[in-house]
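Beneath this line is the structure, given in structure tokens, with notes to follow.
The values are calculated or read from the model by the stated rules, or taken from the named source; none is laboratory data. Given the structure is predicted, the values throughout are model-derived calculations rather than measurements. Here the Cβ positions follow ideal geometry from the backbone for every residue, glycine too, while neighbour counts run over all protein chains shown. These area figures cover heavy atoms from the full protein model, side chains too; ligands, DNA and RNA do not enter into them. Shrake-Rupley method; radii C 1.70, N 1.55, O 1.52, S 1.80 Å.
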Amino acid sequence: EHGALLIIEVTRNTLNVQPSARRMNVPKSGYRVFSANSTAACTELAKKITERLGVELGKSVVYQESNRETRVDVKESVRGQTIFIIQTIPRDVNTAIMELLVMAYALKTSCAKNIIGVIPYFPYSKQCKMRKRGSIVCKLLASMLAKAGLTHIITMDLHQKEIQGFFSFPVDNLRASPFLLQYIQEEVPDYRNAIIVAKSPSAAKRAQSYAERLRLGLAVMHGEAQCSESDMADGRHSPPCVRNTSGHPGLELPLMMAKEKPPITVVGDVGGRIAIIVDDIIDDVEDFVAAAEILKERGAYKIYIMATHGLLSADAPRLIEESAIDEVVVTNTVPHEVQKLQCPKIKTVDVSMILAEAIRRIHNGESMAYLFRNITVDD
């Protein structure tokens, strides 16, 4: 009897001790926000996001060695925590990708619970389709990110929404259109007299979404600028190669007729209106400059360009400054402070608010549907 009482007492004491012991061994769950970039210009967005979240930026060092190898040193413990890596893509795209991959792998080997990449502009997104016998580089990048240890991605305005299918983990494709629509309503004088313009038929769905939300008209441009005689040597106007007749005659396929675009035409009346061209990426601006010239000829008295990602490579700032474009409005998904100094026509819209809210909701396990209210497939 005394032995039975002793066993019961020991068991009761053990049960009382075990839960507290377990609590001591399990690390407290939390989240940290890191910036995977080595340039000061690219950490600006990360600082804005952490200020809105009320947290400090994680302690890490990202740098390039003398032979251009990327090295990442994480200066604090991340064991058992959810980690958000903010990576803003600058002009040196490949270095930024390596920084993201190396940091994700470093956090994975440091036993982070979840590693979520916040990549506002997803690089190589234009290479998402097979061209002749080329490669789908965007799919390759998605596989590399998964292999490095990422478990989730937050991005904004993917070039093609089908890119989400390349990933083996969740992808939240946020939209910048609410911020750009707000800019039009608040900063464009007499925007009720504006017309939304699609630079090409492929951009018509995005332009239609803007036009319907602002209750404005829609115009679509079609064709290409006529090239000079010096441009005829690039092979586009060369005669087709002679077909090889050595094969079996039964295997011959009909030749597809070559496309020939007409001169640029505008479907819709832009006379006496403010023309607002909308697109997702503005990089090489020759097409936008040519479109602005045509719109000016058709009677538009002001021309705005609205785009999510302002890459603005090469001579883009100078070409914009010398063109008929009145204003180029982009978000801060890509750093472009240098371009703004070269061209005062470039304006910036801050989207750190929605990125910070996405991070907060994912960490708290809240629904992301709030960020996609009234968002349709065409947006």
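The criterion of at least 3 residues that are farther than 30 Å from Ala46 by Cβ and either open to solvent by less than 30 Å² (accessible area, probe 1.4 Å) or among the aromatic types (Phe, Trp, Tyr) (or both) is met by the following helices (runs of 4 or more DSSP H) wholly inside segment 264-344: 286-297. Candidates in segment 205-226 are the residues that are closer than 17 Å to Ala292 by Cα and outside any strand (DSSP E or B); of these, the one that is least open to solvent (accessible area, probe 1.4 Å) is Ala207. Strands (runs of 3 or more DSSP E) fully within segment 118-202 that include at least 3 residues being among the polar types (S, T, N, Q): none found.
Selection of segment 144-167 for residues being modelled with pLDDT of 95 or more and open to solvent by 60 Å² or more (accessible area, probe 1.4 Å) yields Met144, Lys147. Every condition in (1) open to solvent by less than 30 Å² (accessible area, probe 1.4 Å); (2) at pLDDT 95 or above is met by Asp350 except one, and the failing one is (1). Residue count for segment 284-313, restricted to those that are closer than 21 Å to Pro123 by Cβ and of a type in the set (Ser, Thr, Tyr): 2.
Report yes if Lys132 is within 30 Å of Asp315 (Cβ to Cβ), open to solvent by 60 Å² or more (accessible area, probe 1.4 Å) and more than 20 Å from the chain's Cα centre (by Cα), otherwise no. In short, yes.
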